[in-house]
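This report refers to the structure that appears directly beneath it.
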Amino acid sequence: MKTKMWAAGLMVTLGWCSLFPAYASETSELLRDRQRAASALKEKNPQRAIKVLEPWIKKRPDDIELANDYALALAQMGKLDQAREVLEEALNKNPQTGAAFNNLREILSQQAAISYAKAMGKKPPNTQLTLRGSMPAGAEPPIVLAQAEPRPGASLEPPPKAIAKSSAGESKAEAKAEAKSEAKAAATQERPQETKEQRPSAKAEAPARAGDAKSEEAAVILAVQQWAAAWASKDFKRYVAAYSDRFEPQQFPSRAAWEAHRRPRVTRPDLEEVKVSEIRVKLLPGGDAEVKFRQRYEAGNLKLNSVKTAVLTREAGGWKILREEGR
């Protein structure tokens with residue numbers, strides 16, 4: 001029995017001895033490539049740094065130091081979104097930082113929701129967040145429920161009377177200014193084919209214009225909801241169709257490069273939820289519309305709750321996204 005145990009121990013030892021030189025060689029090679037990448041970044045040549053580091057980042061996606069080097073190269077090229085995604089993936093996959101990173105992301109998301117609600121004069125729908133503890137491998141990490149609170153002295157909800165008074169005052173002032181502008185335009189405009197009695201009054205035109213504005217706002221909101229629905233259903237063709245032909249993606253040399261970057265993110269198998277809420281529309285003088293909304297995104301271990309801004313333009317096929325921020 002002892003002889004068998006001794007033989008088994010010897011085999012394990014020999015196995016480790018045979019593996020160690022290969023591991024040491026790989027580590028030495030990685031260090032050498034990281035130094036080459038650092039030199040390339042000093043020479044303002046991020047493309048060369050990416051070429052050196054890319055095989056390694058695919059092989060070791062949870063190596064935080066390597067991910068940081070790769071993110072530096074992407075950032076030097078102006079690809080900040082990709083740099084952020086590389087760092088998030090490394091932090092999330094690394095067993096030593098995964099739980100802490102997810103907890104940090106949940107806390108920041110809830111704080112952002114509270115700040116946004118405070119700015120809007122509303123109370124957050126849910127101030128309870130779920131945090132997970134770190135346990136040894138094989139043990140189920142316990143779920144800890146914590147109550148998120150605003151900063152001391154901060155009031156989430158301004159007095160209702162003050163809000164109502166302010167809104168009423170602003171609406172009255174806007175209506176008065178609009179009526180004055182319309183009256184001035186009606187007085188200076190020449191209409192030789194119409195008699196004085198035939199000219200429509202400013203009071204008669206105002207409700208029609210207000211109705212048109214409400215209709216346009218509803219159409220913009222519907223366009224944003226359809227964009228989110230296409231993403232949630234992983235329908236990449238319909239997702240891309242929500243963007244204008246004049247859409248110019250940030251940090252990408254062409255639309256084709258942007259689509260190649262977005263496709264795996266829109267169609268990822270573990271995508272669970274894409275929801276938009278609190279949509280606010282502002283019709284711009286040039287005919288476009290600025291939209292601000294809250295987006296809830298969940299895929300695998302990634303959960304995001306962010307505020308986004310987009311500019312939509314009216315085209316033959318309806319309202320399309322012209323620019324977007326916060327991605």
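Being under 17 Å from the mean Cα position of the chain (by Cα) and of a type in the set (S, T, N, Q) is a property that Ser233 lacks. Scanning the stretch 55-72 for residues that are buried (at least 16 other Cβ atoms within 10 Å of the Cβ), part of a helix (DSSP H, G or I) and of a type in the set (Asp, Glu) turns up just one, Asp69.
For the stretch 294-323, which positions are part of a strand (DSSP E or B) and closer than 19 Å to Leu271 by Cβ? Once the filter is applied, which keeps residues that are part of a strand (DSSP E or B) and closer than 19 Å to Leu271 by Cβ, the stretch 294-323 yields Arg294, Gln295, Arg296, Tyr297, Glu298, Ala299, Leu302, Lys303, Leu304, Asn305, Ser306, Lys308. Of the candidates Arg34, Arg84, Arg105, Arg48, the single residue that is modelled with pLDDT under 80, touching a helix residue (DSSP H, G or I) at 6+ places or on another chain (Cβ under 9 Å) and assigned to a helix (DSSP H, G or I) is Arg105.
Would you mind finding the one in Arg238, Arg314 that is over 30 Å from Phe101 (Cα atoms), basic (Lys, Arg) and surrounded by fewer than 16 Cβ atoms within 10 Å (Cβ to Cβ)? Don't jump to the end; show me each part of the working.
Details: Arg314 fails: surrounded by fewer than 16 Cβ atoms within 10 Å (Cβ to Cβ).
Criteria check complete, one pass: Arg238.
Residues in the stretch 305-323 that are of a type in the set (A, V, I, L, M, F, W, C) and at pLDDT 90 or above: Val307, Ala310, Val311, Leu312, Trp319, Ile321, Leu322. Does Trp258 meet the test of being closer than 30 Å to Gly78 by Cα, modelled with pLDDT under 95 and crowded, with 16+ Cβ neighbours inside 10 Å? In short, yes.
The values are calculated or read from the model by the stated rules, or taken from the named source; none is laboratory data. Note that the structure is predicted; figures quoted are calculated from it, not measured. As a convention, Cβ positions derive from the backbone with ideal geometry for all residues, glycine included, and neighbour counts pool all protein chains shown.
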